[in-house]
Amino acid sequence: MTGTQNRQYTLAILFVILDSIGFSLMNFFVKLSGDLPAMQKAFFRNVIALIVSVIVLAGTREKFRIKKESWT
């Protein structure tokens with residue numbers, strides 16, 4: 001195994017751990033939210049996921065673009 005592969009495996013393991021922490025925190029905050037309707041809980045979960053996704057996409061070298069032909 002080369003140094004690059006070792007680094008990739010380490011990053012993959014780190015991302016899996018961060019993913020599980022994120023999902024458990026999401027579950028914790030949903031339980032903590034109490035008697036909110038399910039649709040409202042789903043909306044706020046997806047807003048947070050959208051914000052995180054936009055931040056990650058903005059940090060990549062290749063820019064994310066949607067072609068105008070795909071809008072219809």
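Each residue in segment 12-50 was checked for being within 16 Å of the chain's Cα centre (by Cα) and on the phi > 0 side of the Ramachandran plot, and 0 pass.
I'd like to check something: does segment 62-72 contain any residue that is surrounded by 10 or more Cβ atoms within 10 Å (Cβ to Cβ), in a helix (DSSP H, G or I) and not polar (S, T, N, Q)? No, because not a single residue in segment 62-72 is surrounded by 10 or more Cβ atoms within 10 Å (Cβ to Cβ), in a helix (DSSP H, G or I) and not polar (S, T, N, Q). Screening residue 50 with (1) open to solvent by 90 Å² or more (accessible area, probe 1.4 Å); (2) outside any helix (DSSP H, G or I) gives one miss only, at (2).
The values are calculated or read from the model by the stated rules, or taken from the named source; none is laboratory data. Keep in mind the model is a prediction, meaning the values are calculated, not measured. Don't worry about glycine lacking a Cβ; one is built from the backbone with ideal geometry, like all the others, and counts go over all protein chains shown. Keep in mind that these areas ignore ligands, DNA and RNA; they rest on the heavy atoms of the full protein, side chains included. Shrake-Rupley method; radii C 1.70, N 1.55, O 1.52, S 1.80 Å.
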